[in-house]
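These notes are about the structure you will find just below.
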Amino acid sequence: MDRINESLPALGLIATLIAAWWLAVFLTHTLVFPAPWDVVRGTWELVMNGTLWDHIGASLMRVGIGFGLALCFALPLGLWMGWVDGAYRTLNPLFQILRPISPIAWIPIAILWFGIGNTSPIYLIFISSVFPMIVQTTAGVHAIEKRFLRAAQNFGVSRRTLFKQVVIPAVLPQVLVGMRIGLGVAWLVVVAAEMIALRSGLGYMIMDSRNAGNRYDLVISGMIIIGLIGLSLDATMRLLEGIRWVRWRYAH
Amino acid sequence: MRTKIEIRGLKKSFASDKGPLPVVQDVSFTVSDGEFVAVVGPSGCGKSTLMSMMAGFVQPDEGAVVIDGVPRSKPDSKGILISQQGSVFPWLTVRENLMFGLNGHKSDNRMEIADHYADIVGLKGFEESFPHELSGGMLKRTEIARALVVKPEILYMDEPFSALDALMNMRMRKELLRILAKERFTSLLITHDVEEAIHLADRIVVLSPRPTRIKAIFDVPFAHPRKVSCRAAQELRVTILRELGVDREDAE
């Protein structure tokens, strides 16, 4: 009941905006911009002919692969950079230069290298999500308190135990933060990448709806769906904060 | 009694803007096997640095720490350090923390050993709890139990109870004495609390302000269980406080 009460203002705001939108369309007699009801009808159309699910599936698949690859790459690399000073000093400056380059800026090169198939957007997602995860993992290792490392040293445990029972569990909450950031960026990027040159995905759907007959109802429908999926992806990542391995960090 | 620890002319300086800052200046004393020695000194005098050197975490500039006739170069599980902040791993349960030091062991009864010591320190029933679910006193018990599990020969305690409230501090002292009566080891305690030193130690080493050196060494000739409030103990306390530069009136 409390949670419903807490979300009431937010829901109220959204309802007000939709009402204002509808009123604006009604008062201006616009022929191009769709009313809320048109968007619902357009979305229903896509649901019925099945294309919506194909687009969502294509986008999620690209994000899944690109993000998964980035995670497999960032985790060991971040741990290594956090643990070995030489690796950090060598790689960190390069990553700090690459990190601020918008994934959108990579699009021409991605197309040059990988063509316009699935590989290009997957590469862009990889590029966009790998750096935040490397940075967070490295920072996580650097933030391990000395007293814990001292204790491990004191008990004379093996390197394997040190990593398995001290370093990795200590870093995991930070890794999770990196994953949340990484997945958020990945979702931003997949839509942008699909707008350029592809035949599926929510980004393609938006561009295609505009190009093929100014279907702005479908454009807005696509935007809202992107927002809702992004929200649920983030909610899923937040659920991970409850798992046993990281709960210690949030329980206070 | 056999000499367990021999501290030979320890010196340590730290680098500062104005050149090297001497912290420990020529400290030498010996500790017999099974003896409990407390080191008291004014705050900031270099007590903790001294303890870090004795436990092997920090290398002295000059001098040596000799244990059983062998100079120590790095920490090992024969001497466990318990510090003020504590180093119980927050991501492991009490049982996993206790089993941590047994990781190298082949024995399949690691869990039994861990639970045995949990019982000894009065944590029976909390084996599956996480540190954030425990009180400050229980955390200290966990830390002590984790040390006991590896059957150390020496226990280094750096202000172990000073973060606890007065009541819990008193309880933990009694608890420690009870455990010491059961499991014998050589103990080194660093504290600023003279009363705690008199309550626990066989001998008390009094340090000067920084750069620290030994000002005096006192025997504590009282049999356990001790009453710190008795006249002789109070006289000893005043004498030590005077060595520390605290006047009688301040102490009362």
For this session: Starting from the stretch B:161-189, take each residue that is among the basic types (K, R) and list its partners that are surrounded by fewer than 20 Cβ atoms within 10 Å (Cβ to Cβ), counting only C-beta distances under 7 angstrom and pairs at least six apart or across chains.
Result: B:R171/B:G137; B:R184/B:G34
Exercise. How many residues, within the stretch B:182-200, are modelled with pLDDT of 85 or more, of a type outside the set (D, E) and assigned to a helix (DSSP H, G or I)?
Worked result: 5
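A quick yes/no check of all residues on (1) closer than 19 Å to B:S83 by Cβ; (2) at pLDDT 90 or above:
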residue: B:I5; (1), (2): yes, yes
residue: B:P20; (1), (2): no, no
residue: B:V27; (1), (2): no, yes
residue: B:V37; (1), (2): yes, yes
residue: B:G63; (1), (2): no, yes
Problem set entry | Filter pass, A:A58 being closer than 30 Å to A:V166 by Cα and surrounded by 15 or more Cβ atoms within 10 Å (Cβ to Cβ) | no
Exercise. Any residue in the stretch A:162-171 that is surrounded by fewer than 21 Cβ atoms within 10 Å (Cβ to Cβ), assigned to a helix (DSSP H, G or I), away from chain B (no Cβ under 14 Å) and at pLDDT 90 or above?
Worked result: no
For this session: Could you list, in sequence order, all residues of the stretch A:96-109 that are free of Cβ contacts under 8 Å to residues at least 60 places away in the same chain and either closer than 15 Å to A:G66 by Cα or crowded, with 17+ Cβ neighbours inside 10 Å (or both)?
Result: A:W106
Exercise. What are the residues in the stretch A:227-250 that are out of contact with any Gly (no Cβ under 8 Å at 6 or more places or on another chain) and either surrounded by 12 or more Cβ atoms within 10 Å (Cβ to Cβ) or of a type in the set (D, E) (or both), if any?
Worked result: A:I229, A:M237, A:L240, A:E241, A:W245, A:V246, A:R247, A:W248, A:R249
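Consider A:T90 carefully, then state whether it is farther than 30 Å from B:R146 by Cβ, modelled with pLDDT of 95 or more and hydroxyl-bearing (S, T, Y). Outline the logic, then answer.
Numbers: farther than 30 Å from B:R146 by Cβ: yes; modelled with pLDDT of 95 or more: yes; hydroxyl-bearing (S, T, Y): yes.
It is true that A:T90 is farther than 30 Å from B:R146 by Cβ, modelled with pLDDT of 95 or more and hydroxyl-bearing (S, T, Y).
Let's see how each residue does on (1) within 14 Å of chain A (Cβ to nearest Cβ); (2) within 25 Å of B:S162 (Cα to Cα); (3) buried (at least 21 other Cβ atoms within 10 Å of the Cβ):
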residue	(1), (2), (3)
B:K11	no, no, no
B:F14	no, no, no
B:V31	no, yes, yes
B:P42	no, yes, no
B:K47	no, yes, yes
B:Q59	yes, no, no
B:P71	no, no, no
B:P90	yes, yes, no
For this session: Answer yes or no as to whether B:F130 is touching a Ser or Thr at 6+ places or on another chain (Cβ under 9 Å), crowded, with 16+ Cβ neighbours inside 10 Å, more than 27 Å from B:L50 (Cα to Cα) and of a type outside the set (G, A, S).
Result: yes
Problem set entry | Conditions (1) buried (at least 17 other Cβ atoms within 10 Å of the Cβ); (2) more than 23 Å from B:A118 (Cβ to Cβ); (3) touching a residue at least 40 places away in the same chain (Cβ under 8 Å); (4) under 14 Å from the mean Cα position of the chain (by Cα); number of the one not met by B:H199 | (3)
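Consider B:F161 carefully, then state whether it is buried (at least 18 other Cβ atoms within 10 Å of the Cβ), in contact with a Leu (Cβ under 7 Å, 6 or more places away or on another chain) and away from chain A (no Cβ under 14 Å).
no
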Exercise. Looking at A:L183, A:L202, A:L176, A:L233, which is the one that is closer than 15 Å to A:F67 by Cα, away from chain B (no Cβ under 14 Å), at pLDDT 90 or above and in contact with an Asp or Glu (Cβ under 9 Å, 6 or more places away or on another chain)?
Worked result: A:L183
Exercise. Just a yes or no: is a residue in the stretch A:185-202 over 18 Å from A:A58 (Cβ atoms) and assigned to a helix (DSSP H, G or I)?
Worked result: yes
Seminar exercise, completed: Those residues of the stretch B:92-113 which are more than 13 Å from chain A (Cβ to nearest Cβ) and among the aliphatic types (A, V, I, L, M) amount to B:M111, B:I113
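Consider B:R141 carefully, then state whether it is crowded, with 21+ Cβ neighbours inside 10 Å, touching a residue at least 12 places away in the same chain (Cβ under 8 Å), more than 13 Å from the chain's Cα centre (by Cα) and away from every other protein chain (no Cβ under 14 Å).
Taking the combined requirement at face value, the residue satisfies it.
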Exercise. Quick one: how many residues across the stretch A:236-252 are within 14 Å of chain B (Cβ to nearest Cβ), in contact (Cβ under 8 Å) with a residue 60 or more places away in the chain and under 20 Å from the mean Cα position of the chain (by Cα)?
Worked result: 1
Seminar exercise, completed: When every residue in the stretch B:79-98 that is in contact with a Lys or Arg (Cβ under 9 Å, 6 or more places away or on another chain) and at pLDDT below 90 is compared, the one nearest to B:E159 (Cα to Cα) is B:S83
Exercise. If you check A:I122 against the conditions, is it under 27 Å from A:M205 (Cβ atoms), of a type in the set (V, I, T) and assigned to a helix (DSSP H, G or I)?
Worked result: yes
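The values are calculated or read from the model by the stated rules, or taken from the named source; none is laboratory data. The shown structure was predicted, so the numbers you read here are calculated from the model rather than taken from an experiment. Counting neighbours? That spans all protein chains shown, and the Cβs are built from the backbone with ideal geometry, glycine included.
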